[in-house]
Amino acid sequence: MPLALTPEMILVLGLVGFTMLMLVLEWIRADMVALLVVVVIGLTGVIPSERVFNGFAGNAVIAIIAIMIMGEGLDRAGVLNLTAHMVMKLAKGMESRLGLVINIMASLFSAVIPSQALAALMIPVSSRLSARTGVPLSRLLLPMAFCILTATNTTLIANSPLIVLNDLIASANANLLPGAHTIPKFGLFSVTPAGLALALVGIGYFYFFGRKLLPGHEDERLKVTPGRTESYFADTYGIAGETSELTVTAESPLVGMSIGEAEQLHDAPLILAIKSGNESRMAPPADLVIWVGSVLGVLGPREQLNRFANNQLCKLSTRMRQLSELFNPTRAGISEVVIPPVSRFIKQTVGNLRLRKRFGISVLAVNRGDQVLRDDVRAVTLRAGDTVVVHSTWRDLSLAAEDRDLVVVTDIPKDEQRPGKVWQAVGFFVLAKCLALFTNLDLSVAMMCGAVGMLLSGVLNMDEAYKAINWKTIFVTACLIPLGWSMDATGTAAWLAQYVLHYLGHASPWVLQLTLAVLTLLFSQVMSNVGATVMMVPIAISVAVATGGNPSAYALIVAVSSSNTFLLSSGHPALMMVTGPGGYRGKDFLRVGAPLTLAMLIVTLVSINLLFS
């Protein structure tokens, strides 16, 4: 007997239509829309009141929170920076190889880090690599973002629609007819074979067709900040060379000298750090005395360093052994600051400001118009508008900038980095994955074990963990889950499936699956992929049950298709994030995304049907 449309169904359909309309028109914020929907569900009693806000405590939402925290921990430990160095070595400056390696790295990380967070981490990595190799940023960012989305279905760890899928399946099981077989939940790697096929398609697509499809323009305004590159400082200020260690021997004439006196010696390099005994410090003050066994962190050309070491009877090491922690690029480096008109530094000499002692900042050069002042920089009197080249830890520089006496113009890491915690970060991340894979723990418990481990080991603190959580994503996900429950509980999903079957009832399973996949990807272009998944999964399961298909396959096709959002820049937050830095236009997304959308659609249907055959 055909299902009759009930008032509860009409209400749920109205909420679905309202949600879609608001997410498309953006008259109301997405999180506010979701919160409004869940409140209406509670007020109308569509589902029991005690379940209305269960989405906030659901397995999916807790798992997403834990994954966001662990992603932040990996970033603070410098895992992404190590990736940049690895990419440089593997690519060897070749554009085709550089793009390939970046896309492979992005695909690997997308299996374990949420796509939006990963895009935020990979954009500066790609920018840095673009600056070092000269490859236009516009040829790197779009493939990177697309590959994040094509590979995000490799596991259930980082993809919100796949994480939500198990909660929707649990709701569907609760509303199955008596005697019907329950739908099994998906394991952590249940989707991996299909996800790997999709990831390989994305990587191969850009490797073989990227140069023909990608935009070739490079807006000057979009180029990476030049302060990131060593060549920029060498060309502009003459600050060339590499950092090395000088160990002061007992015979060295440097013994007993102050840092300031040593810097006045002929051919002296820039002294950026010192280690005496067990104490290490960046930007040692001019009056600090050098003793036997002191290790100096110096910057200069190799020939100059060799001459100075020979003249001063010091041991030179080009490998940073004693001071490697201080000079880690995730913690310290060279940058530019500008003296604003309101600065208290104006009309004072660099030496009198005692920037080393007060802030831990070494001044390397001052740029004034066309003039670069490097000799006896301590005697330079600062003026408004001077550009000052400094070496410091990023944290010290950020603290110094808080008083507004200088303005940092180089794009530097704003948050404290902890490269010494890289093994703790990786260890607890791997532990969480092993718990999810080899135990019966829910995904939320396994992921939260890794997050708590990072917090306890000091990879990041609680305040940083709170900041790492994208609360807008959490609210949208938690509030839309009850909408999916409502579609099951009221029979709305079955009613919609009934009409799908009315028009396509005699069609093959391939046609039914294709229809569901196309509807999902169209919805996901104009609304969140979580919202599209929540709306379409109950319908897909009802269609599968009515036609004798495999509900797991139908549900998975919908969840995977929700990430097939390559046609519009607004289709996914990761795409919106690269639009500005890459200078992309709407036609760029259509030209590159349309063929990829078709390829992903075909591979999704074939791979999932093979997986569940």
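The values are calculated or read from the model by the stated rules, or taken from the named source; none is laboratory data. Note that the structure is predicted; figures quoted are calculated from it, not measured. Quick reminder, even Gly has a Cβ in these numbers, built from the backbone with ideal geometry, and neighbours come from all protein chains shown.
Where in segment 291-385 are there helices (runs of 4 or more DSSP H), lying wholly inside it, with at least 2 residues that are closer than 30 Å to ALA77 by Cα and in contact (Cβ under 8 Å) with a residue 12 or more places away in the chain?
Of the helices (runs of 4 or more DSSP H) lying wholly inside segment 291-385, those with at least 2 residues that are closer than 30 Å to ALA77 by Cα and in contact (Cβ under 8 Å) with a residue 12 or more places away in the chain span 355-359.
Of the conditions (1) among the β-branched types (Val, Ile, Thr); (2) more than 24 Å from VAL377 (Cβ to Cβ); (3) modelled with pLDDT under 85, VAL292 fails just one. Which one is it?
(3) is the only condition that VAL292 fails.
Just give me the residues in segment 444-485 being under 30 Å from MET20 (Cβ atoms), in a loop (DSSP other than H, G, I, E, B) and of a type in the set (S, T, N, Q), in sequence order.
Within segment 444-485, just ASN470 meets the criteria.
Considering only residues that are more than 39 Å from the chain's Cα centre (by Cα) and of a type outside the set (A, V, I, L, M, F, W, C), look in segment 492-508 and name the one that is farthest from MET9 (Cα to Cα).
Result: SER508.
Let's see how each residue does on (1) of a type outside the set (Gly, Ala, Ser); (2) free of Cβ contacts under 8 Å to residues at least 60 places away in the same chain; (3) in contact with a Lys or Arg (Cβ under 9 Å, 6 or more places away or on another chain):
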{"residue": "ALA151", "(1), (2), (3)": "no, yes, no"}
{"residue": "LEU162", "(1), (2), (3)": "yes, no, no"}
{"residue": "LEU168", "(1), (2), (3)": "yes, no, no"}
{"residue": "ALA172", "(1), (2), (3)": "no, no, no"}
{"residue": "HIS181", "(1), (2), (3)": "yes, yes, no"}
{"residue": "LEU188", "(1), (2), (3)": "yes, no, yes"}
{"residue": "GLY195", "(1), (2), (3)": "no, no, no"}
{"residue": "LEU198", "(1), (2), (3)": "yes, no, no"}
{"residue": "TYR205", "(1), (2), (3)": "yes, no, no"}
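When you scan segment 486-509, how many residues do you find that are in contact (Cβ under 8 Å) with a residue 12 or more places away in the chain and either assigned to a helix (DSSP H, G or I) or crowded, with 24+ Cβ neighbours inside 10 Å (or both)?
Residues that pass the stated criteria total 14.
Listed here are the residues, each with its yes/no results for (1) of a type in the set (S, T, N, Q); (2) under 30 Å from LEU270 (Cβ atoms).
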site	(1), (2)
THR393	yes, yes
ARG404	no, yes
ILE412	no, yes
LEU431	no, no
THR439	yes, no
SER444	yes, no
LYS467	no, no
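Suppose we filter ALA546, ALA574, ALA540, ALA553 for residues that are out of contact with any strand residue (DSSP E or B) (no Cβ under 7 Å at 6 or more places or on another chain), farther than 26 Å from GLN513 by Cα and of a type in the set (A, V, I, L, M, F, W, C); which single one remains?
Going through ALA546, ALA574, ALA540, ALA553 in turn, just one is out of contact with any strand residue (DSSP E or B) (no Cβ under 7 Å at 6 or more places or on another chain), farther than 26 Å from GLN513 by Cα and of a type in the set (A, V, I, L, M, F, W, C): ALA574.
Can you tell me which residues in segment 379-408 are touching a strand residue (DSSP E or B) at 6+ places or on another chain (Cβ under 8 Å) and surrounded by fewer than 17 Cβ atoms within 10 Å (Cβ to Cβ)?
Selection gives ALA379, THR381, ARG383, GLY385, SER398, ALA401, VAL407.
Can you name the residue in segment 89-136 that is within 12 Å of the chain's Cα centre (by Cα) and modelled with pLDDT under 75 and is also surrounded by the most Cβ atoms within 10 Å (Cβ to Cβ) among such residues?
Going through the qualifying residues, I end up with ALA117.
Output the residue which, of all residues in segment 567-591 that are part of a helix (DSSP H, G or I) and among the hydroxyl-bearing types (Ser, Thr, Tyr), is farthest from LEU156 (Cα to Cα).
Let us first name the residues in segment 567-591 that are part of a helix (DSSP H, G or I), namely 569-571, 573-582, 586-591.
In the following step, the residues that additionally are among the hydroxyl-bearing types (Ser, Thr, Tyr) were identified as 569-570, 579.
On the way: SER569: 25, SER570: 24, THR579: 27 Å.
Only one residue tops the list, namely THR579.
Out of all the residues in segment 553-565, is one or more out of contact with any Leu (no Cβ under 8 Å at 6 or more places or on another chain) and either in contact (Cβ under 8 Å) with a residue 24 or more places away in the chain or under 16 Å from GLY202 (Cβ atoms) (or both)?
Looking for residues that are out of contact with any Leu (no Cβ under 8 Å at 6 or more places or on another chain) and either in contact (Cβ under 8 Å) with a residue 24 or more places away in the chain or under 16 Å from GLY202 (Cβ atoms) (or both), one finds none in segment 553-565, hence no.
May I ask you to list the residues in segment 162-184 that are assigned to a loop (DSSP other than H, G, I, E, B) and either of a type in the set (Asp, Glu) or modelled with pLDDT of 80 or more (or both)?
Listed by number, the residues that qualify are ILE183, PRO184.
Just checking: which of the strands (runs of 3 or more DSSP E) contained wholly in segment 208-284 hold 3 or more residues that are out of contact with any Phe, Trp or Tyr (no Cβ under 6 Å at 6 or more places or on another chain), of a type outside the set (D, E, K, R) and modelled with pLDDT of 70 or more? Before you say what the answer is, go through the steps one by one.
Working: elements: 242-248, 270-276, 279-282.
By residue number, 242-248, 270-276.
Which one is modelled with the lowest pLDDT among residues in segment 459-473 that are farther than 15 Å from LEU36 by Cβ and touching a helix residue (DSSP H, G or I) at 6+ places or on another chain (Cβ under 6 Å)?
Filtering segment 459-473 down to residues farther than 15 Å from LEU36 by Cβ leaves 459-471, 473.
Subsequent filtering for residues that are touching a helix residue (DSSP H, G or I) at 6+ places or on another chain (Cβ under 6 Å) retains 459-460, 465, 468-469.
Numbers: VAL459: 90, LEU460: 90, ALA465: 90, ALA468: 81, ILE469: 84.
Among residues in segment 459-473 that are farther than 15 Å from LEU36 by Cβ and touching a helix residue (DSSP H, G or I) at 6+ places or on another chain (Cβ under 6 Å), the one modelled with the lowest pLDDT is ALA468.
Could you please tell me which pairs satisfy a Cβ distance under 9 Å, a separation of 6+ or placement on different chains, a first residue in segment 431-445 that is under 16 Å from ASP167 (Cα atoms), and a second residue that is of a type in the set (S, T, N, Q) and modelled with pLDDT under 80?
Close Cβ pairs (under 9 Å, with a partner that is of a type in the set (S, T, N, Q) and modelled with pLDDT under 80) amount to ASP442/ASN59; LEU443/ASN59; SER444/ASN59; VAL445/ASN59.
Looking at segment 514-529, can you tell me whether even one residue there is closer than 16 Å to LEU13 by Cβ, assigned to a helix (DSSP H, G or I), over 19 Å from the mean Cα position of the chain (by Cα) and not aromatic (Phe, Trp, Tyr)?
Yes, some residue in segment 514-529 is closer than 16 Å to LEU13 by Cβ, assigned to a helix (DSSP H, G or I), over 19 Å from the mean Cα position of the chain (by Cα) and not aromatic (Phe, Trp, Tyr).
Only one residue in ASN328, ASN306, ASN311 is at pLDDT below 85 and not small (Gly, Ala, Ser). Which one? Let's see the steps before the verdict.
On the way: ASN306 fails: at pLDDT below 85; ASN311 fails: at pLDDT below 85.
Answer to the selection: ASN328.
For segment 536-566, enumerate the residues that are part of a loop (DSSP other than H, G, I, E, B) and either of a type in the set (Ser, Thr, Tyr) or crowded, with 20+ Cβ neighbours inside 10 Å (or both).
Result: SER562, SER563, ASN564, THR565, PHE566.
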